[in-house]
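Every number here is computed from the coordinates shown, using simple stated rules; none is lab data. The structure presented is a predicted model; accordingly, all values stated were derived computationally and were not measured. All Cβ positions, glycine included, derive from the backbone under ideal geometry; neighbour counts span all protein chains shown.
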């Protein structure tokens with residue numbers, strides 16, 4: 001990733017988080033925002049930060065926006081501004097445009113313009129939170145096509161102290177264990193899996209004993225993951 005160049009337009013909480021994460025992973029990042037105070041706050045976190053109006057095509061050209069590998073339009077509540085920015089990027093033949101959407105109607109309009117990649121943080125957070133309300137054992141998940149997901153779960157109580165061979169996830173529940181994250185004793189589960197300390201066990205062996213502070217990373221059908229949790233409560 002170190003040779004890739006990204007531009008983030010809109011440096012609110014969402015845009016800033018993307019920019020900082022990319023920068024920390026070695027990418028060259030340009031942040032654009034129309035608020036000077038926002039630019040000042042993030043300027044030390046990324047390679048470049050400029051205060052310009054992204055609806056001004058000439059201003060974007062001056063930053064060589066068309067030369068970046070991808071541009072993320074992370075502008076928040078001002079949909080008109082987001083539309084104008086996306087239109088400018090399309091006119092400038094930017095290689096890859098990822099645009100924030102807030103609701104299905106915005107996505108339809110952007111699709112009609114020619115945008116094909118989208119970010120919908122509010123929808124995604126809402127979906128994940130609803131899942132956690134329904135299944136408190138699920139800490140986080142990635143929804144995949146055809147009903148599959150990769151989920152990080154707390155092991156249900158009935159399997160604590162057993163070995164992986166004892167529970168036989170693959171044959172009994174049609175689930176694949178990707179790995180186990182073993183937390184330190186003082187760790188506390190929070191709303192974000194990133195807030196949990198500990199270490200990855202790699203590829204666990206069938207003799208691995210399941211501990212109370214473990215987190216399973218499972219792959220399988222959503223229904224099978226839910227059945228596994230319910231059967232072992």
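Kirkwood hydrodynamic radius of segment 81-221 from all distinct Cα pairs, in Å? Walk me through the intermediate numbers first.
Numbers: mean 1/r = 0.0560 Å⁻¹.
Kirkwood radius, segment 81-221: 17.9 Å.
Once the piece of chain linking residue 146 and residue 17 is laid out straight, how much longer is it, given 0.36 nm per residue of separation minus the C-alpha distance between them? Intermediate results must be reported in sequence, preceding the final value.
Working: separation 129, 0.36 × 129 = 46.44 nm, distance 3.00 nm.
Using 0.36 nm per residue and subtracting the Cα-Cα distance, I get 43.4 nm.
Legend: ranking of residues 37, 16 from fewest to most surrounding C-beta atoms inside 10 Å; resulting order 37, 16. Across segment 15-44, the residues whose backbone nitrogen lies under 17 Å from the label position 7 Å along the beta-carbon direction of residue 78 are 15-16, 31-40.
Structural descriptor for segment 125-231: relative contact order 34 percent, calculated from alpha carbon pairs under 8 angstrom and at least 6 residues apart. When only Cα pairs below 8 angstrom with a gap of at least 6 residues are kept, the chain shows a relative contact order of 14 percent. Relative to the longest principal axis of the Cα atoms of the chain, helix 13-24 runs at roughly 80 degrees.
Using C-alpha pairs below 8 Å separated by at least 6 residues, the relative contact order for segment 68-122 is 37 percent.
Taking the empirical scaling 2.2 N^0.38 Å for compact globular proteins as reference, segment 1-51 has a Cα radius of gyration ratio of 0.98.
For the pair residue 174 and residue 87, label points projected 7 Å from Cα toward Cβ lie 5.0 nm apart. Within the chain, antiparallel bridges make up roughly 50 percent of the DSSP beta bridges whose residues both belong there.
Its DSSP H runs of at least 4 residues, each contributing -39,500 (n - 2.57), put the calculated 222 nm mean residue ellipticity of the chain at -9500 deg cm²/dmol, to the nearest 500.
Reducing segment 126-155 and segment 33-110 to their Cα centroids gives an inter-centroid distance of 31 Å.
Calculated FRET efficiency, residue 158 and residue 116, Cβ-Cβ r, R0 41 Å, to nearest 0.05? After rounding to 0.05, the efficiency reads 0.35.
Taking the longest Cα principal axis of the chain as reference, the axis of helix 121-134 is set at about 20 degrees.
So what's the angle, to the nearest 10 degrees on a 0 to 90 scale, between helix 79-91 and the longest Cα principal axis of the chain? The two axes meet at around 70 degrees.
Could you compute the FRET efficiency for residue 52 and residue 4, with r as their C-beta to C-beta distance and R0 at 25 Å, rounded to 0.05? Display every interim value, and only then the final one.
Details: r = 22 Å, r/R0 = 0.88.
Once rounded, the FRET efficiency stands at 0.70.
Normalised Debye scattering of segment 5-119 at q = 0.10, 0.12, 0.16, 0.23 Å⁻¹ gives log10 I(q)/I(0) of -0.24, -0.36, -0.65, -1.37, counting only Cα atoms as equal scatterers and leaving out solvent. In terms of overall dimensions, the C-alpha atoms belonging to segment 95-138 reach 40, 22, 10 Å along their principal axes, ordered largest to smallest.
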